[in-house]
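Read through the structure below, which is laid out as structure tokens, and then see the notes.
The values are calculated or read from the model by the stated rules, or taken from the named source; none is laboratory data. As the structure is a prediction and not an experimental result, all values here were calculated from the model. Using ideal geometry, Cβ is built from the backbone for each residue, glycine included, and neighbour counts are taken over all protein chains shown. We work out accessible area using only protein heavy atoms, side chains counted, and drop any ligands, DNA or RNA first. Shrake-Rupley method; radii C 1.70, N 1.55, O 1.52, S 1.80 Å.
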Amino acid sequence: MIRTGLGQYLQWAGELKGKKLAVVVNPSSQWGGCHLLDLLPAQGLNIRAIFTPEHGISGSADAGAVVQDGRYAPLAVPVWSLYGKHKGPTAEQLAGIDVLLFDLQDVGVRYYTYLSSLHYVLRAAASAGVVVWVLDRPNPNGSYLDGPTLKPEFRSFVGIYPLPLLHGMTLGELALMAKGEGWLDNADTLRLKVIPVAEYRREMPYALPVKPSPNLPNAKAIALYPSLGFFEATEVSVGRGTAAPFQQLGHPKVKLGDFNFTPLASPGSASNPLGQDQRHYGQDLRQQQTSGFTLRYLIDAQQAFRHAGQPLITSPAFFDKLAGTDALRIQLTQGLSERQIRQSWQAELQQFRLRRRPYLLYPDYPASP
């Protein structure tokens, strides 16, 4: 049976006895229905500070919403936001901390921001001389290596490393790669330990026991997220404010299909969704077989918007940050086919496949695009 890094806590908790700990957690940081913040104190471990990423410790903050600092009453310790004034822990927040444990469930897509939070945590820990343990978790998109590779000039919080869109790695492997490739300030001084997932192979399907963020509620949404995330730079709704976010797409004026839905305000997942209270016409993707990354939704929408005399991509700078390059946007507007666009990134995918090899903790099994 697969056991996450946290799931093996009985094997390593003894090493941390007497240490002052900080943790990076959210609702996904659990094993067997029990949260890290309950499991580790029960083993006598001393948690002195909590850090939390986008969506907050409760996992209910909207995408992009500033997460405020707070306090975790059961342990009487501060909760510091990594998605507000600071992207990483400050020297003052890490003062006196011996080990920082990082345990977040990623979804394996470059623009998902937990990887960026990991980057700033590693950088801060290296500067402060704090040891980092990454409690690794499976990548639900882990068997795919696909999409354009991020260029340095498009680096941002939604694209922190020169990775393909689907990199096929876990956060533990990416932490090792960031250190090994020198993608961090003071990478040589970082003291890093990764607790690998036990009995895990990259091609194994992995159903997440807890949704990693408010608008990725199930395996279907996570599988569609690499392909639908680009619509965040358009006026096309991907279902935020409905019961099936990232499982449908539509627009109130440009008809993208015969299905219809109406986004509504939904505190905790979509307080002010795109196209709120307007009927959208498009597609219900919940019954479609989807895996990896496909361009067909973008290409079909591009054609529909061109026919309507409207631009699909209304935030080109943000689209380029999501893509990690301006090439994809240009290719779409030029009307290139999916085959032609895919061909343009194959050489970089093969280069990355070789570059990542020294850092892999699990058998290399990339599915064909």
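Overview of results
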item: Charge dipole (debye, nearest 20) of the chain; +1 at Cβ of Lys and Arg, -1 at Cβ of Asp and Glu; result: 200
item: Approximate spin-label separation Q278-R306, in nm, with each point projected 7 Å along Cα-to-Cβ; result: 2.3
item: Charge-dipole axis of segment 200-348 as Lys and Arg at +1 and Asp and Glu at -1 on Cβ define it, positive-most pick from L332, F319, Q288; result: Q288
item: Trypsin sites (Lys or Arg not before Pro) lying in DSSP loop within segment 67-146, provided at most 14 other Cβ fall within 10 Å; result: K85
item: Where E181, E92, E54 fall by accessible area, highest first, once all protein chains stay in place (1.4 Å); result: E92, E181, E54
item: Using a Förster distance of 56 Å, the FRET efficiency for K85-E15 (Cβ separation, nearest 0.05); result: 0.95
item: Paramagnetic reach from W183 in segment 319-359 [backbone N under 14 Å; point 7 Å along Cα→Cβ]; result: 324, 352-359
item: Rh by Kirkwood over Cα pairs, then Stokes-Einstein D for segment 151-281 at 1.567 mPa s and 4 °C, µm²/s; result: 74
item: Segment 1-151: radius of gyration over Cα atoms, expressed as a fraction of 2.2 N^0.38 Å; result: 1.03
item: GNM top mover of I299, I313, I330 - the chain, alpha-carbon springs below 10 Å; result: I330
item: Portion, in percent, of the accessible area of the chain that falls on carbon or sulfur, probe 1.4 Å; result: 49
item: Cα gyration tensor of segment 221-369 - equivalent ellipsoid semi-axes, whole Å, descending; result: 29, 19, 14
item: Principal-axis tilt of helix 346-356 within the chain, Cα atoms, nearest 10 degrees; result: 10
item: Number of Lys pairs (Cα under 16 Å; 8 or more positions apart or on different chains) in the chain; result: 4
item: Most mobile listed residue (A73, A270, A128) in the chain, GNM with C-alpha springs under 10 Å; result: A73
item: D277, D284, D146, reordered so the largest accessible area comes first (probe 1.4 Å); result: D277, D284, D146
item: 20 Å binning of all Cα-Cα separations within the chain, expressed as whole percents from 0 upward; result: 29, 58, 13, 0
item: Dipole-positive endmost among G108, G84, Y9 within segment 1-134 (Cβ charges, Cα centre); result: Y9
item: Peptides 223-236, 184-197, 314-327, 342-355 ordered by average Cβ neighbours within 10 Å, highest first; result: 223-236, 314-327, 184-197, 342-355
item: DSSP bridge pairs, segment 1-102: antiparallel proportion in percent, nearest 5; result: 30
item: Among Y281, Y297, Y83, residue whose mean-square fluctuation peaks in a GNM of the chain (springs only between Cα atoms under 10 Å); result: Y297
item: Dimensionless Rg ratio for segment 78-225, taking C-alpha atoms and the 2.2 N^0.38 Å reference; result: 1.03
item: Signed unit charges on C-beta, dipole axis of the chain, positive-most listed residue A49, Y225, G129; result: G129
item: Separation of alpha-carbon centers, segment 98-146 and segment 155-223, rounded to whole Å; result: 6
item: Degrees separating the helix 296-307 axis from the principal Cα axis of the chain, which is the longest one; result: 40
item: Between 0 and 90°, nearest 10: helix 171-180 axis offset from the chain longest Cα axis; result: 80
item: Rounded to whole Å, sorted largest first: equivalent-ellipsoid semi-axes of segment 105-177, Cα gyration tensor; result: 21, 16, 9
